[in-house]
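Everything on this sheet refers to the single structure shown next.
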Amino acid sequence: MNPNSQKHFGYSSSDYKKFTRWAWLMLISFGLTYLFFYNGRQNINLVMTLMETDLGSSTATLGVVSSALFWCYAFGQLINGRLGAFFGYKRFMMVGVLGSAIVNIVISFQHSIPVIAVLWGLNGFFQSMVWANGLGVLNKWWPKEKRGFASGLATAFSGLAQVVTYLTILLCLDWNPEWSWRAAFRYPMIPMVVMLVAFYFFFKEKPEDIGLAPFVEDDAEAEKRDMQLSKNIQEKGYLYPYLVVFSEPKVLIFCLISAIAGIGRYGLLTWIPTYFSEAMGLSIKDGIFSSILLPLGQSCAMFVFPFITDKIFKGKREPMIILASVVTFVGMCIFPFITHKTGASVMLFVLGVFAMVTGVIWAVAGDMGGRAFSSTIVGVLDWAVYMGAAIQAVIFGFVKDTFGWPAIFITIGCLYIIMLVLTLMARKMKTKKI
């Protein structure tokens, strides 16, 4: 936000400077907290081969274990976005980070696959307490015309978090090779907890917490809608946002789009490190290192795509999803036939960029929900993302064992054609009740 702008969103010049400074601080503090949060979520994907060997398991079985987090995360998101708005965003987020760290450490001492599966599911619930509530806070600090940038940058941090996890696990395996996969569930929790301490002191939920009034949208219609929706929630109770959201056809269409995005994003993140090890004959460490271009591409897309929709498409999000769907389909069909490590890594970066449309989806959620409904809609759409992630984790292990690796990537590519069709439908739809 530019303090010299004529748009002060209802603030005096001095208050606007204060508001802008704190808006940036909230965005960066949330981003830095999330930067290490994937250490407690993506770690299992990078040591799956080691777990197979140590625990005497199969790829399909560990795929089911991995899915436990996605199922619990999905249903946690469905309720925690609303619970956070009701009980307090910051409190929920802190419990989520601390709970995830504790569960990961407990898992590192386990030898039973069923016990690990249950604990990994509990970890998914704790992980679900953070994202929707964080975006709910950001939507109280970033007006509509800046929301694509803010949600994009926050999502970029989550993409970089995946890169941080890859590098952290590589270091853990070097530091304590005798701990094998268990190292990935211990050391990475340290920076998560350290960032939580900083988060406690710096994070503010809304402008009122620093003595400012809520901002006023320059779009008078959007401001009027926000005020009316907030009043409706107070009058009609806790479940009202769900009744409204699930009665909107456009939200339901974006649930399907989100589910496919979840299959694409986590289908690659879950299986690519194992693919490099098993199909291309790389060591665990070389497989992780070769895979790192995937989350790097995803982090680029998370920031760049929403920003493009703000600046080039003037707030229209669907054209970016359409372009991404086409490129992803082509890339997924080509990828399994690339046999050279360098070529596969480069293609992973391209797929990481174009398969990653969730940054745009969060901007859509903010546009549809505003300040009043955004955390609820983000929670619902993230539920759909992780339903897709859970389904792929269960199914793709069996697909790989039955049909081979190419079937996984070609299936994802075909799903992105369905995403294209759904986006073309959503493009002409408007929300009526929100």
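The values are calculated or read from the model by the stated rules, or taken from the named source; none is laboratory data. Keep in mind the model is a prediction, meaning the values are calculated, not measured. All Cβ positions, even for glycine, are placed from backbone atoms using ideal geometry, and neighbour counts span all protein chains on display.
The table below lists the values:
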{"read-out": "Selection from the range 59-104 of residues that are of a type in the set (A, V, I, L, M, F, W, C) and in contact with a Lys or Arg (Cβ under 7 Å, 6 or more places away or on another chain)", "value": "69"}
{"read-out": "Close pairs from the range 335-353: first of a type in the set (A, V, I, L, M), partner outside any helix (DSSP H, G or I), Cβ under 9 Å, at least 6 apart", "value": "344/280; 344/338; 346/338; 347/338; 348/292"}
{"read-out": "Output for the range 395-430, where each listed residue is closer than 11 Å to residue 325 by Cα and in contact with a Lys or Arg (Cβ under 6 Å, 6 or more places away or on another chain)", "value": "none"}
{"read-out": "Residues within the range 201-220 that are at pLDDT below 90 and loosely packed, with under 13 Cβ neighbours inside 10 Å, tallied", "value": "2"}
{"read-out": "Yes/no for residue 120 being closer than 30 Å to residue 309 by Cβ and either in contact (Cβ under 8 Å) with a residue 12 or more places away in the chain or not hydroxyl-bearing (Ser, Thr, Tyr) (or both)", "value": "no"}
{"read-out": "Test: residue 346 is part of a helix (DSSP H, G or I) and under 18 Å from the mean Cα position of the chain (by Cα)", "value": "no"}
{"read-out": "In the range 282-321, the residues that are of a type in the set (Lys, Arg) and under 19 Å from the mean Cα position of the chain (by Cα)", "value": "317"}
{"read-out": "Of all residues in the range 111-165 being in a loop (DSSP other than H, G, I, E, B) and over 26 Å from residue 48 (Cα atoms), the one that is modelled with the lowest pLDDT", "value": "143"}
{"read-out": "Long-range neighbours under 6 Å by Cβ, at least six apart or interchain, first residue within 14 Å of residue 434 (Cα to Cα) within the range 235-262, second surrounded by fewer than 16 Cβ atoms within 10 Å (Cβ to Cβ)", "value": "244/433; 250/429"}
{"read-out": "Where residue 21 falls short, out of the listed (1) within 22 Å of residue 399 (Cα to Cα); (2) assigned to a helix (DSSP H, G or I); (3) of a type outside the set (A, V, I, L, M, F, W, C)", "value": "(1)"}
{"read-out": "Residues being under 21 Å from residue 161 (Cα atoms), of a type outside the set (A, V, I, L, M) and either in contact with a Lys or Arg (Cβ under 9 Å, 6 or more places away or on another chain) or surrounded by fewer than 24 Cβ atoms within 10 Å (Cβ to Cβ) (or both) - total across the range 129-144", "value": "2"}
{"read-out": "Residue among 126, 75, 87 that is surrounded by fewer than 24 Cβ atoms within 10 Å (Cβ to Cβ) and within 16 Å of the chain's Cα centre (by Cα)", "value": "75"}
{"read-out": "Selection count where residues are polar (S, T, N, Q), touching a residue at least 60 places away in the same chain (Cβ under 8 Å) and surrounded by fewer than 18 Cβ atoms within 10 Å (Cβ to Cβ), scope the range 159-181", "value": "1"}
{"read-out": "Residue within the range 21-32 that is over 22 Å from residue 169 (Cα atoms), over 25 Å from the mean Cα position of the chain (by Cα) and without any contact (Cβ under 8 Å) to a residue 40 or more places away in the chain present", "value": "yes"}
{"read-out": "Failed criterion for residue 95 (all others in (1) under 22 Å from residue 238 (Cβ atoms); (2) under 17 Å from the mean Cα position of the chain (by Cα); (3) not aromatic (Phe, Trp, Tyr) hold)", "value": "(2)"}
{"read-out": "Qualifying residue in the range 182-193 (condition: closer than 21 Å to residue 105 by Cα, among the β-branched types (Val, Ile, Thr) and buried (at least 23 other Cβ atoms within 10 Å of the Cβ))", "value": "no"}
